[in-house]
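Contents: one structure, followed by commentary.
Bear in mind that the values in this text are calculations on the coordinates, not laboratory data. A quick note: this is a predicted structure, and the numbers were derived from the prediction, not measured. In this analysis, Cβ positions are derived from the backbone assuming ideal geometry, glycine residues included, and neighbour counts consider all displayed protein chains.
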Amino acid sequence: MEHSIVCSNDELLDVLIDYSKKIYGDTKCIGIDELKDPKAKAKRLWEILNPEEEVSALQNQEDISKLLEAIRDKLSDKAARVYTERLIKQEILHKIEENEKEYLNQIKLQIIKKHCDVENPSTLKKYAELEKKKSISLTKQISDILRPQREDEIIGQSQGVKALLSKIASPFPQHVIIYGPPGVGKTSAARIALKAAKEKAYSPFRKDAPFVEVDGTTLRWDPREAVNPLLGSVHDPIYQGARKDLSDIGVPEPKPGLVTEAHGGILFIDEIGELDLMLQNKLLKVLEDKKVSFDSSYYDESSDEIPKYIHTLFREGAPADFILIGATTRRPEEINPALRSRCAEVFFNPLSPKDIEDILDNGAHKLDISIDDDAKELISRHTYDARKAVNVLLDCYSSHLYEKPDKRVIIDYDRAKKVLGSLVRDDYTARMGSEIGKVYGAGVSGYVGSIIEFEALAYKRDDEMGSVRFNETAGSMIRDSLFNALAVLKHNMGINPDRYDIHVNCIGGGKVDGPSAGLAITCLLYSAIMEKSLPKDCCITGEISIAGNIKAVGGVREKTNAAIRAGFKHMIIPYENKKDVVGIQGINIVEAGNIREVMEFLTK
Ligand SMILES: Nc1ncnc2c1ncn2[C@@H]1O[C@H](COP(=O)(O)OP(=O)(O)OP(=O)(O)O)[C@@H](O)[C@H]1O
C-alpha cells in the first residue's frame, strides 16, 4: 500500500495539537482532546496559540506578514515530519502484527505435526492398496525360471564363461567387456561370475557384494549434471530442488549414482557400446579414481548448517570402487579404444542350433514338460537367440495348457510350428538335388550369418571377346573376387572364359561386399560355363587367390550356423578357418586349401 504525505484537515489539526502540547505543555492544552467537534478543537487551538498577542508587538504590516510566513513554513515542516513518523510507526506495528501471526501459525503447525501421525486413514488405505498390488504377479517371469544359475547351465559358451570366471573370481578382479550376439548368456554369465567369486576365500568381493545391472541404451544424462543416474548428480536448492529441509537453508544435495550403489561389487552395463561417448569418458575417470566428485556453487565449506554426510560427499566424493562388466553386441573395433584398453575382453559365441536344442531341453526339464526332437529342431532352425527360443517354448507350453488342460504337456512338431507361425520357412525342399549355374554362399552382419544365393548364365561366342556382367549394386570387393575367379578358371582349371558372355546375378540384389564370396563365384562360373550341375545342399565360403588357393575369411562360425538353420548338409570353409567351427554339430564341414579339393568334393 502506498502512503501520501498530503494530510487531510483533521490530520493537520491533530498534528498542530500535538505540536502545541510540545511547545506550551500539556497544562496549557488541557481539555482540547476531549472536544469532539473539529471546529471547536480548531477554535481552542487558536486560543492557545493566540497569534494576535504574539504579533501585537510588531511595528508594521511587513514585519507581521514575514512573521506569519515564517510560522506557516515552520508549522508545515513540523507537521510533515510528525505525520511521516506516525505513518512509519503505524506500518511497523502492522508488520509486527503480521509476522507475529505467521510465526504463531508455524509454531501451531509444528506442534500439530509433532502430535499427529503423518498418516491418516486415506493415506493408509492407499499404502495398503500399493502393498497388495506388489504381492500380485500375473506371470512368473520365464527368464527368472529358466535363467542359468550355475556355470554348467550356460550352454555353448564354455570357453567364454571360463575366461570370464578367471577374470572375476580372482584375487585381483579385472574390468571386462563381453562381446557376443544378443541372448547368448552374457548377463547370466556375469551374475554367475560374481556368485563364483564370492565363494573363493581369496576374492575381494564380500558376501553381500551387490550386482547392479543397467542398460546402456536407456541411460540418459544432461551435460550440466542435473540428471545423471549412472554417476550421480547434485540437486541445487533452487533449480533442481534439494530436499525441502536442505533447500530451505540453501544447501545443495549430492545424489550418488549407480556407480556408488555398485561399490564393492559389480556394475553390469548391458549394451555398453551404446552408452553416450562423453558419459563413457566420465565413467573411465570414475574407474581410475574409484570415487565420484561433486561440485556446486551453492556449497559453502565453512557452513555449520550443512549435515555431515553432505560435507563428506563434497569434500571426499562418493565411493565407487567396483568391477565393471560391460556387454555388447558390437564388434571390438566399434568400441571406444579408451574403454577397451582398461578392460579385459571375453568373447561369447553365437549359439548353434544344437546349443538351442540343449537349452530347450534344459528349459523343458525345469518346467517339468517334454519336447519332441523334431519340435526342438524346428525351433532351433528358426532362432539363434536363446531368449527367443525359451519364449517360444513357453508359448508352446501355454498353448498346450489352453487346449488340453488335463493332459501332460508334450510339445510336438505341430505345436511348435503353430506357435512359430509365419516364421516357418520350408527351406529343406529347396536344398534337394543339383542345378547348373546356381551356388550358395554365406555372409555375416554383426554376429548374424545369412545365406546368399548366386546364379549365372554363360553364352558361348565365336571369338574371344567375351564380357562379364554383374549386379551394379554389389560392392567393389566382390567384383575383384569375380576377376580373381576368372583368372583361376583360365590358369588353374584350363577353361577360357573369354569365349563366353557371362551374366552373374546375386539374388535379392543389394550390397554384398568383401572377398569371402570368391570361392563360391569360382564354382558358379565353372558350373555355368561347363554346364555342370552342382549340389544344392552345399554352402560355400572362402576367399580365392589368383593362384587358386583358398584364404581365411571372417564370421565362419556365424555363417556355418546360418547354413545349418537354412537346412544345408555341407559347408565348405577355408582350411585356415578350421578352429572357428570347433564344436559345431549338425552339418558336414569340408575344409579346403585350394580349388582342386573343392571341385573334387562338388563333382564327386
Ligand atoms: N548360453 C545359454 N545357455 C542357457 N540359457 C541361455 C543361454 N543364453 C541365453 N539363455 C537364456 O536366455 C535368457 C537371456 O539370457 P541373457 O540375458 O544372459 O543373454 P544376454 O546375452 O545377456 O542377452 P542380451 O545381450 O540380449 O542382454 C536367459 O535367461 C536364459 O534363459
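Normalised by 2.2 N^0.38 Å, with N the number of residues, the alpha-carbon radius of gyration of the range 353-423 equals 0.97. Using only Cα atoms, find the angle between the long axis of helix 38-49 and the longest principal axis of the chain, and express it within 0 to 90 degrees, rounded to the nearest 10. Taking Cα atoms only, the helix is inclined about 60 degrees.
Dividing the summed -39500 (n - 2.57) terms of all DSSP H runs of n ≥ 4 by the residue count of the chain sets its mean residue ellipticity at 222 nm at -14500 deg cm²/dmol. Each of the GluC sites (Glu not before Pro) that DSSP puts in a loop and that has at most 12 other Cβ atoms within 10 Å breaks the chain; the longest unbroken stretch is 120-300. Our estimate of slack between Glu102 and Glu288, defined as 0.36 nm per intervening residue step minus the Cα-Cα distance, is 61.7 nm. Per-residue 3J(HN,Hα) values for the range 318-327, derived from phi via the Karplus relation 6.51 cos²θ - 1.76 cosθ + 1.60 with θ = phi - 60°, read 9, x, 8, 9, 9, 9, 8, 10, x, 10 Hz in sequence order (x marks Gly and Pro).
Label-to-label distance, Lys162 versus Leu67, with points set 7 angstrom from Cα along the beta-carbon direction: 12.6 nm. In this structure, Met432 and Lys532 have a Cβ-Cβ separation that, at R0 = 25 Å, corresponds to a calculated FRET efficiency of about 0.90.
Looking at the P(r) of the range 385-539, how many percent of alpha-carbon pairs lie beyond 23 Å? Summing the P(r) tail past 23 Å for the range 385-539 gives 52 percent. The convex hull drawn around the Cα atoms of the chain, when projected onto a plane and averaged over every direction, covers 56.2 nm². By definition, a body whose alpha carbon gyration tensor gives a ≥ b ≥ c is rounded when a/c is under 1.5, and the range 481-550 falls into this rounded group. Between the helical axis of 353-367 and the longest alpha-carbon principal axis of the chain there is an angle of about 60 degrees.
Each Lys and Arg contributes +1 and each Asp and Glu -1, all at the Cβ; summed about the Cα centre of the chain, the dipole is approximately 2340 debye.
Helix 518-530 axis versus longest C-alpha principal axis of the chain: approximately 40°, rounded to the nearest ten. On the basis of the beta-carbon distance and an R0 of 41 Å, Asp321 and Ile145 show a calculated FRET efficiency of 0.75. Between the amide H of Gly232 and those of Gly257, Leu258, distances stay under 5 Å, these residues lying 5 or more places away or on another chain, with hydrogens modeled in the peptide plane. Between Lys291 and Ala320, the built amide H atoms are under 5 Å apart, and every one of these is 5 or more places off in sequence or on another chain. Between Val590 and Met571, Ile572, Ile573, the built amide H atoms are under 5 Å apart, and every one of these is 5 or more places off in sequence or on another chain. Could you tally the net charge around Ile550, taking each other residue with its Cβ under 15 Å from the Cβ of Ile550, Lys/Arg +1 and Asp/Glu -1? Surrounding charge for Ile550 is -2.
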